[in-house]
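Structure first, then comments.
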Amino acid sequence: MPPTRTLARVDADLAAGRVPMARQRLRGLVSSFPYDLTLRRRLAEVYRLYGDAAEAGRWMYLEEDRRTDETAAFEERYGSPAWRMKALAWRGPETLAATPFAERQLAEVRTARAGELGRAVDWDDPASYDEDADERRAPDADGWTAGGVAAGVGCLVGTIAFGWVWVLGVISLFSD
């Protein structure tokens, strides 16, 4: 569905007092069109109806005329650069941003996260900036563990039991 039709539905939802539906539609549009700052602004306006300053700040974070109280609430709720990267739901390079201010904001958040990790991170690869990205990338150097052995033995016993029941079923099917 084109964004204009969805925005018309958002307007109708808001006029009818269906704020949650309007919010859901706008979240879908922002997900589909992450570079459109007007959609982010509209979503921030809906969150203001809820009185949720942190979410309004989240969606206005790339706007130069954002409210400082909302920005502070967003930065407090999403306390680390990794959480902010995920919350901003951006894809692609910062150069796709509609304004120089938005481009700088995105670059600052990405650079802060890269500085924490000591390596480059990429908006298109959420695993590169996840909070536990380092733990996922590190191979298990401990080798076999008691839990792993128990799970393996349990799977083996289950497979043998299933096979035995299957064999008994086949035998009973043909015996008579």
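Which ones in region 56-78 are part of a loop (DSSP other than H, G, I, E, B) and open to solvent by 50 Å² or more (accessible area, probe 1.4 Å)? Show your work before the answer.
Residues of region 56-78 part of a loop (DSSP other than H, G, I, E, B): 61-67, 78.
Result: Glu64, Asp65, Arg66, Arg67.
The single condition among (1) farther than 29 Å from Trp59 by Cα; (2) assigned to a helix (DSSP H, G or I); (3) at pLDDT below 90 that Thr159 does not meet is (3).
I'm trying to understand the selection: among the residues of region 15-30, which are open to solvent by less than 70 Å² (accessible area, probe 1.4 Å) and under 15 Å from Ala56 (Cβ atoms)? Within region 15-30, Val19, Ala22, Leu26, Val30 qualify. Arg40 meets all of the listed conditions (1) open to solvent by less than 50 Å² (accessible area, probe 1.4 Å); (2) touching a residue at least 24 places away in the same chain (Cβ under 8 Å); (3) of a type in the set (Lys, Arg) but one, namely (2). Of all residues in region 108-131, those that are farther than 14 Å from Ser80 by Cα and open to solvent by 20 Å² or more (accessible area, probe 1.4 Å) have Cβ atoms under 9 Å from Cβ atoms of residues that are of a type in the set (Gly, Ala, Ser) and not in a helix (DSSP H, G or I), 6 or more apart or on another chain, in Asp124/Gly92. All of Ala89, Ala97, Ala82 fail the test of being under 19 Å from Asp124 (Cα atoms), modelled with pLDDT under 95 and crowded, with 21+ Cβ neighbours inside 10 Å, apart from Ala82.
As a summary of the residue check, Glu45 satisfies the conditions (1) buried (at least 16 other Cβ atoms within 10 Å of the Cβ); (2) within 21 Å of Pro20 (Cβ to Cβ) except for the one numbered (1). Would you check if Val46 is more than 18 Å from the chain's Cα centre (by Cα), in a helix (DSSP H, G or I), modelled with pLDDT of 90 or more and among the aliphatic types (A, V, I, L, M)? So Val46 passes the test. Restricting attention to region 82-100, the residues that are aromatic (Phe, Trp, Tyr) and either touching a Ser or Thr at 6+ places or on another chain (Cβ under 6 Å) or not in a loop (DSSP other than H, G, I, E, B) (or both) add up to 1.
Against the condition modelled with pLDDT under 90 and either open to solvent by 80 Å² or more (accessible area, probe 1.4 Å) or within 23 Å of Thr71 (Cα to Cα) (or both), how does Glu135 come out, does it pass? Answer is yes for this residue.
The values are calculated or read from the model by the stated rules, or taken from the named source; none is laboratory data. What you see is a predicted model; the values in this text were computed from it and never measured. No Cβ is skipped: glycine too gets one built from the backbone with ideal geometry, and neighbour counts run over all protein chains shown. Side chains included, ligands, DNA and RNA excluded: accessible areas come from the protein's heavy atoms. Shrake-Rupley method; radii C 1.70, N 1.55, O 1.52, S 1.80 Å.
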